[in-house]
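Here is the structure we will look at, set down as structure tokens.
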Amino acid sequence: MSNQNVDNSSIKYPPLLEEFLNYFSTVKARSYNTIKAYSYDLVLFLRFLKQRRGKVDPNVEFDEIDISDVDVDLIESVDLNDLYAYLNFVTHERSNTPPARARKVASLRSFYNYLYKKAKVINKNPTQELEAPKLSVRQPIYLTLEESKKLLNSIDGPFKERDYAIITLFLNCGLRVSELVNINIDDIKDDKLTVIGKGNKQRIVYLNDACIDAINTYLKVRPKEGVKDKKALFLSKRLKRISVKTVQYTVKKHLKKANLEGKKYSAHKLRHTAATLMYRYGNVDIRTLQKLLGHSNVSTTQIYTHVDDSQLKEAVNKNPLSQKNKDNEENKR
């Protein structure tokens, strides 16, 4: 069983790992969640490495192995066989899925690239030949246009103006949940919304009439007294900046009310919905969609270029040879 949510805060890191995580956080400006994930992956790897090298008391539980004494010599001793043995370990002992293993490969590559190219403390990089597991391309789960309208029309309750604005932004702008909760009122200038995405990258999202109207309607009822975070656009019932957890709960609540919870929809799936609707109905090209969604690589955006069965049927029917050959029919008579 994989312990992906293990708290590493009490673990004493070896200096090289601590330096790498600091570099990744400050210089590379990676998100807290990315740092946490890489920290987990590399702690797991170093524990595996110590155990593989016979440097652990057999009576010590794996998740209690001390890695604070890991030095350059141990890290540099790693070869390709060790790396594949580690991936085999996380597959069979930790039940890691291909995406989880792919992330571990990314963690190892980043760590060893730093040690080899930046810190220059090792003379070889064994991850250069390390292959990541092949991942099947998953089609994004999204609401249809009709389902999206049904969701918007079903929103009600004591926070209906706030919730309607939140879901309208998701469905129209394709924001990430983390981007939405961090919106400040002064981030909105006319029809422009400035958001901070992954890697602390700033981008401009243009608001359409539906978004502007929903935000203005919410601002009319947004509390003004006792607000603990006056800059925050969206507030919780405790008058604090709304949290990611609250947004996720809010979206699921309204999806359930609209009888749309059956397909494992979520707040993130509304981002998929926005991208799919823009690509399908708005004739938005892939590069524009990439910029709007804040993807660093266009390959991430390409999942939205999928087509459904109705489009495939329509494409075949539009073939100029799709009609029955009447001349041929007459010749047969």
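Go through the stretch 67-84 and give me each residue that's surrounded by fewer than 16 Cβ atoms within 10 Å (Cβ to Cβ) and not in a helix (DSSP H, G or I).
68, 69, 71, 77, 79
Kindly establish whether residue 261 is surrounded by fewer than 16 Cβ atoms within 10 Å (Cβ to Cβ), in contact with a Leu (Cβ under 9 Å, 6 or more places away or on another chain) and under 22 Å from residue 144 (Cβ atoms).
Details: surrounded by fewer than 16 Cβ atoms within 10 Å (Cβ to Cβ): yes; in contact with a Leu (Cβ under 9 Å, 6 or more places away or on another chain): yes; under 22 Å from residue 144 (Cβ atoms): yes.
Answer is yes for this residue.
Checking residue 99 against (1) under 19 Å from residue 217 (Cβ atoms); (2) touching a Pro at 6+ places or on another chain (Cβ under 9 Å), which single condition isn't satisfied?
Looking at each condition in turn, residue 99 falls short on (1).
Please go through (1) assigned by TED's automatic domain parsing to the domain that holds residue 49; (2) in contact with a Pro (Cβ under 9 Å, 6 or more places away or on another chain) for residue 86 and return the number of the only condition it doesn't satisfy.
All conditions pass for residue 86, except number (2).
Within the stretch 41-66, which residues are surrounded by 19 or more Cβ atoms within 10 Å (Cβ to Cβ) and among the aromatic types (Phe, Trp, Tyr)?
If the condition is that a residue be surrounded by 19 or more Cβ atoms within 10 Å (Cβ to Cβ) and among the aromatic types (Phe, Trp, Tyr), then 45, 48 are the ones that fit.
With at pLDDT 90 or above and either buried (at least 20 other Cβ atoms within 10 Å of the Cβ) or within 20 Å of residue 179 (Cα to Cα) (or both) as the only criterion, which of 233, 277 stands out?
233
Output the residue which, of all residues in the stretch 91-117 that are touching a residue at least 24 places away in the same chain (Cβ under 8 Å) and assigned to a loop (DSSP other than H, G, I, E, B), is surrounded by the most Cβ atoms within 10 Å (Cβ to Cβ).
96
How about the stretch 25-40: which of its residues are surrounded by fewer than 21 Cβ atoms within 10 Å (Cβ to Cβ), in a helix (DSSP H, G or I) and not hydrophobic (A, V, I, L, M, F, W, C)? First the steps, then the outcome.
Start the filter on the stretch 25-40 by keeping residues that are surrounded by fewer than 21 Cβ atoms within 10 Å (Cβ to Cβ), which leaves 25-37.
When the remaining residues are screened for being in a helix (DSSP H, G or I), the result is 25-26, 32-37.
Once the filter is applied, which keeps residues that are surrounded by fewer than 21 Cβ atoms within 10 Å (Cβ to Cβ), in a helix (DSSP H, G or I) and not hydrophobic (A, V, I, L, M, F, W, C), the stretch 25-40 yields 25, 26, 32, 33, 34, 36.
Can you pull out the residues in the stretch 15-24 that are of a type outside the set (A, V, I, L, M, F, W, C) and surrounded by 19 or more Cβ atoms within 10 Å (Cβ to Cβ)?
The first filter runs over the stretch 15-24 and keeps only residues of a type outside the set (A, V, I, L, M, F, W, C), leaving 15, 18-19, 22-23.
Passing the criteria: none in range.
Among the numbered criteria (1) more than 30 Å from residue 222 (Cα to Cα); (2) surrounded by 14 or more Cβ atoms within 10 Å (Cβ to Cβ), which one does residue 88 miss?
(2)
Criterion first (basic (Lys, Arg) and in a helix (DSSP H, G or I)) does residue 245 satisfy it? Break it down into steps so the answer makes sense when it comes.
Working: basic (Lys, Arg): yes; in a helix (DSSP H, G or I): yes.
For residue 245, the condition - basic (Lys, Arg) and in a helix (DSSP H, G or I) - is met.
The values are calculated or read from the model by the stated rules, or taken from the named source; none is laboratory data. Just so it is clear, the structure is predicted and the values come from calculations on it, not from any experiment. Cβ sites come from the backbone with ideal geometry, for glycine too, and all protein chains shown count toward neighbours.
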